[in-house]
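Worksheet: one structure, shown below.
Please treat every number below as a calculation from the coordinates, not as lab data. Note that the coordinates shown come from a computational prediction; the quantities given were computed from them, not determined experimentally. Note: ideal-geometry Cβ built from the backbone for every residue, glycine included; neighbour counts use all protein chains shown.
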């Protein structure tokens, strides 16, 4: 199957991130391998739904989760839509496909206590990496930005006099996020130490390694799992959980759902509403503890 035109379409027209494009490409390669092994590599125009259903069955047999299978099929569906759009096929064989059922995973946010404990750890580390790591945690929790957005922040995206940062989100959509005074203070301290690095190879980027290179996503992941491993017993500790905590804590304090949507850079309210379950739980608790009828013996 020819993928190069489709990959260019994802990068240039859809403006997907490199991470997303890579995932799409890998899914298509796996499907192509299946077609070669099981159906003698038939032309793409001859691929029909029964063939795709055979692939789904093989994925289930490999004990791949329904969630992962749905993602792979979504990649394939987008590919066939592209072929239809470019008039290479007449009908999308996945047009009437229904996604496999998945159980909804509720992400448990970090508590304010856990986040404060981590920041206390980091307050004791005054060297370059310690202050940088503290800023990473503070930015995640105070802005709700994604890991890729944080890694790609540039110096000219930080407006200290205006108390805000500019974030380049999915599909190159920009948004401005306000900064707390405590975060601005940490940024100033970090920038002073950053200026003292012996060598800077990537001067335009905000976050650097001690060797002066732009930081990478795995490093950020390790920073979060390392420090939160000391303060939290939660199974999942990741930058996304901090983003989840940001949204949940704002909603718990009565923030408007639409405002949180804009801060997170979501394209629809449906994406933001997944964070409301904890807010609703908090409201039920307040209601139960506060309503006079709850303690009424009558």
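Tabulated data for the structure shown
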item	result
Computed E for residue 45/residue 98 - FRET, C-beta separation, R0 35 angstrom, nearest 0.05	0.90
Separation in nanometres of the label points that stand 7 Å from Cα toward Cβ, at residue 185 and residue 19	3.1 nm
Mean ellipticity per residue at 222 nm, deg cm²/dmol - from DSSP H runs of n ≥ 4 across the chain, formula -39500 (n - 2.57)	-17500 deg cm²/dmol
Point-to-point label distance, residue 158-residue 210, nm (Cα→Cβ direction, 7 Å offset)	2.0 nm
Potential extension, residue 273-residue 196 segment - 0.36 nm per residue separation minus Cα distance	23.4 nm
Most mobile of 117, 125, 33 in a GNM of the chain (Cα contacts under 10 Å)	33
Angle in degrees between helix 112-123 and the longest Cα principal axis of the chain, rounded to the nearest 10	70 degrees
Inter-part distance where the range 181-204 and the range 152-169 are each reduced to a Cα centre, Å	13 Å
Shape of the chain, Cα gyration tensor, a/c cut at 1.5	oblate
The range 162-206 - percent relative contact order, Cα under 8 Å, separation 6 or more	26 percent
Value of relative contact order over the chain, rounded to a whole percent, pairs C-alpha under 8 Å and six or more apart	16 percent
q = 0.17, 0.20 Å⁻¹: log10 I(q)/I(0) that the Debye formula gives for the range 4-85, counting C-alpha atoms only	-0.70, -0.96
Förster radius 25 Å - calculated FRET efficiency between residue 67 and residue 37 (Cβ-Cβ, nearest 0.05)	0.55
Acute angle (nearest 10 degrees) that the helix 217-231 long axis makes with the longest principal axis of the chain, alpha-carbon atoms	50 degrees
Degrees separating the helix 181-195 axis from the principal Cα axis of the chain, which is the longest one	80 degrees
